[in-house]
Structure formats: structure tokens, C-alpha cells
Amino acid sequence: MMIDSSAPSRLWKGSGGTLRLAFPLILAQMGVVGMGLIDTINFSVAGTLSLAGGSLGTAVFSLVHIIAVGVLAAVGNKIAFSKGAKNLTDVSATLAAGIQLSIAFGMVMAGLSIMFGFLLPLAGQDHVASKLSIYYLIPVSVSIIPSLLFTTYRGLLVSFLVPAAITRVTLEGLILKIALSVILIKQNVMPVSDSPAQFVLSISGFSTTVAYIFMAIRIRHVCRTILPEYCISPPKTSAKYTNIADILRLGTPIGLVYGVEAGFFTATILVAGVFGPQVLAAHHIANQCVYITFMVAVGLSHVASAKVGAAAGATDYREVQRLSTQSLLLGLILMTTTALLFLLFGPHLAGIFVDLEDESRTEIIALASTFLFAAALIQWADGSQNIAMGILRGLKDSKVTVYICIVGYWLIGLPAAYVLSSIPSIGPVGIWLGIGIGLYATAGLLILRVRSYIIKNQKQNHYIGPITVCKP
């Protein structure tokens, strides 16, 4: 436990408020993931090769996209810290810098996403599936720019504890995505080729980009309505460039952490691809399910980051300690629910993603169900490591997280996944066992880092917070 044992009754103080803030963010994150979920369902309509090609395209896009989002996530962390330090004049300057960085950085990352798609055959992937992935990557990569603008404005709303608006805008974007997918695919408009798979992949990517453009416009309008005083462009001074540099300095480690984690999962997808289209399709289905439940931890992570950042900005490290422990325990409770979901309903969840007429349906569902059983056992680690990352972001201690994730994911998890999957008696399920080993190692190291950081700063600041004077 990281909480002061002299005041255990204060541990859960404000936990209801934390959950009330977290649930709208969880719903918002699930709305974003829901776009990928809709794409997966679309992919399955055109058969196993389409699902495999979509899996590769999604893996590449998600890797590049999550790195970009990680960098811009620093906007929210910087705003929360400034708010805690009562330096509100810096908020609008940080927001303006984030907007400019979103556009410039988004263009670069969109180009990289498309380029990496053309390199997939060099990674030993199926030639047909690799070629199909390009039809998804070209239109969907454009969405990185508006999604970063959305992330920037979302950071402002989270920092000022206004999450409900984020949920509303995200769900509106998801509805638009669904409507476009249904209309365009059902009506067979905008044909790009004579291949159903190419057509479905292209429409899936296009509808995602349109949805993100809509979300960026809507959340900007919401911010200018709710928090207009912070949406006024500051004078063009050198302070603008200072804020851009600050965002990059804080956000680059966050983006690298996201990239290390996403790269780890992308690497496991490539390992699964070696086993053939059926295993790759089943692995993608399990990944999508895990990604959805992972958003529970992401929502808590954003709230923990904002609250811990504000407490750290006020140099109240006793409160930082309490909030950190509370967030981790709430994460364990909620992730238990998601683990039970996979254990009890694995085959039913897998069946949603496989077309009824697919000849490989039975095999894919059986494989995906097995993967989901293994995924259930790693839910606690997956949630804890993400919440711990959020806490460290709030403390502006994100650099060491990169090294921890490299050790946990790449030096422990990926070798374990490769070795275990190479054992004939274990096979592809060894990939998920390796993922679990990597996540538990990472979670343990991150929690130790949170604890050591808090203890160190409590000693340096000689801070005696309000918790210590409360009666047990």
C-alpha cells in the first residue's frame, strides 16, 4: 500500500467523484474504440482475407496513431499542472500551442502510417493481406490530424473536470461512423475496385476520417462555449514556442511509451500472422475485445493523471499518495468485471466478429475464445500498468516509463510470446501468455516507480499534508 497507514479511512474519500468523472471518459474511450469495432465487423463481411488485411492495416494505423496521441496527451497534463499551480494564464497558451502542433505533427504521422503499410511484406506477412491493408491505411491515416485536435481540446475539458461533453461528442462521432459505414457499404457507392474486400476496407477508413473531422469541430465548439476564456488565441510571442517545446518535452516520452506498448502488440500480431490468416483473424478479434475493456483503465488513467497533476502542482504529495492508491484499487475492482466478461462470454463475443457464411467461422471462433480466456487472466495487469502510467504523467515523470516499458514489453513479454508460441503443445495461445508475462512485469515496475517518486518528493518537500493530522 502507498497510502499513509495513519489515515486509512481517508483512502476512499472522493472515490465516488473519481468514478463519476471516469465513467464518461470510459464511455468516450469506448466510443473511439467502437470505431475500430465497426471496422472489424465491416472487414468480416468480405471474408477471412479482408479480416486479415484489415488486421494488418489496423495494427499499423493504431501504432502510429497512438504515438501521436501520446505526444498531444501532454497538453492535458500541462494544463492540469498549471491549474494546480494557479497559473491560469498559461492554459490558453498551452491550448494554442497544442492546436498548432496537432496539425503539423499529424501530417507527418499520417505520412508515416501510409509508408509503413507498404513495408508490411518485408515483415513476412501474407502478400495478399498486406496489399489489402493499403486500401484501409490511405483513407484512415488522414484521420490522425483531426483526432489530435480532438485530443488537444479533450485535455482542456479533462483538466477542468468536464468529461460529460467528451462522451457526448465521441458518441455522436461513433453514430456518424456507423451511419456512413452502413449507407456506403450497403448502397455500394464510391466503388474503388472490383474487389469487395478493397471496397469495404476503403470505406471503413474513409468513414473513420469523416467521423474524426466531425468530432474535432464539435469539441472545439463545446470548449469555446464552456470555457471560452481559455480558447482565446494568445499574442504571438516567444511564449508560444516555449509551450510547444514544453509539450514536446513532456509528450515525447508519453508518445514513446504508447508506441512501445502499441509496438509490442503490433509485434504479437506479426507473430500471429506467421500462423496464417485464420490465426491472424482470431488474434485480431481478441485484440479488439481487449482493447475495448482496456478503455476502462484508460478512463481512470485520465482522471488519475488530472487529479494527481493538480495535487502535485500544489506540492501536496500526501494527497498524491492517496489519489494514486485509490486509483489503482479502483482499477483492480473494475478490471475484475472485464475479466469475468471474457471468461463467461468468450465464444459469444468472438462470434459477433465472424460472418455466418465464413467457411473458417468455427475455427476462428474456437481460436479467439481460447485467446480471450488467456486475456481474462491479464486484465488486472493491463489495467494497473495503464493507471500507473497516468499517475506518472500527472507527476511529469514520464521519461523513466519508457525504459520500464521497453524492459517489460520487449525484453520480457515479446521473447516470452515468441518462445511459448513456438512450443507445439502450446501454439498460438503462447502469444497471449507472453503478453501476460510482459504486462505483469511492466505493471509491477511502474507501481514501484510511483511509490519511490512519492516518497522521494515527500522527503524533499518536508510536506505534512492534511491527511497526517486527521484522527485514524
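Quick look at the numbers
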| read-out | value |
| --- | --- |
| Qualifying residue in segment 422-440 (condition: among the polar types (S, T, N, Q) and surrounded by 19 or more Cβ atoms within 10 Å (Cβ to Cβ)) | no |
| Pair list, Cβ under 9 Å, 6 or more apart: segment 385-414 residue more than 8 Å from Ser305 (Cα to Cα), other residue part of a helix (DSSP H, G or I) and among the basic types (Lys, Arg) | Ala388/Arg449; Lys396/Lys78; Asp397/Arg449; Val400/Arg449; Thr401/Arg393; Thr401/Arg449; Ile404/Arg449 |
| Of all residues making up segment 146-169, the number that are in contact with a Phe, Trp or Tyr (Cβ under 6 Å, 6 or more places away or on another chain) and of a type in the set (Ser, Thr, Tyr) | 1 |
| Subset of segment 261-277 (residues that are farther than 16 Å from Gly430 by Cα and either polar (S, T, N, Q) or within 12 Å of the chain's Cα centre (by Cα) (or both)) | Glu261, Ala262 |
| Which numbered condition Ile67 misses (of (1) in contact with a Ser or Thr (Cβ under 9 Å, 6 or more places away or on another chain); (2) closer than 30 Å to Val354 by Cα) | (1) |
| Candidate set: segment 70-87, residues that are of a type in the set (A, V, I, L, M, F, W, C) and either surrounded by 24 or more Cβ atoms within 10 Å (Cβ to Cβ) or free of Cβ contacts under 8 Å to residues at least 12 places away in the same chain (or both); chosen: the one farthest from Arg220 (Cα to Cα) | Phe81 |
| Candidates Thr151, Thr94, filtered to the one that is closer than 23 Å to Val222 by Cβ, at pLDDT 80 or above, polar (S, T, N, Q) and within 17 Å of the chain's Cα centre (by Cα) | Thr151 |
| Answer from Leu51, Leu112, Leu63, Leu95 - the residue that is surrounded by fewer than 24 Cβ atoms within 10 Å (Cβ to Cβ), in contact (Cβ under 8 Å) with a residue 60 or more places away in the chain and in a helix (DSSP H, G or I) | Leu63 |
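Per-residue answers, yes or no, for (1) assigned to a helix (DSSP H, G or I); (2) among the hydrophobic types (A, V, I, L, M, F, W, C); (3) over 15 Å from Ala443 (Cα atoms):
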{"position": "Asp382", "(1), (2), (3)": "yes, no, no"}
{"position": "Ala388", "(1), (2), (3)": "yes, yes, no"}
{"position": "Ile391", "(1), (2), (3)": "yes, yes, no"}
{"position": "Trp410", "(1), (2), (3)": "yes, yes, no"}
{"position": "Leu414", "(1), (2), (3)": "yes, yes, yes"}
{"position": "Ala417", "(1), (2), (3)": "yes, yes, yes"}
{"position": "Leu420", "(1), (2), (3)": "yes, yes, yes"}
{"position": "Ile426", "(1), (2), (3)": "no, yes, yes"}
{"position": "Ile431", "(1), (2), (3)": "yes, yes, yes"}
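The values are calculated or read from the model by the stated rules, or taken from the named source; none is laboratory data. Please read these numbers as outputs of a predicted model, since none were measured by experiment. All Cβ positions, glycine included, derive from the backbone under ideal geometry; neighbour counts span all protein chains shown.
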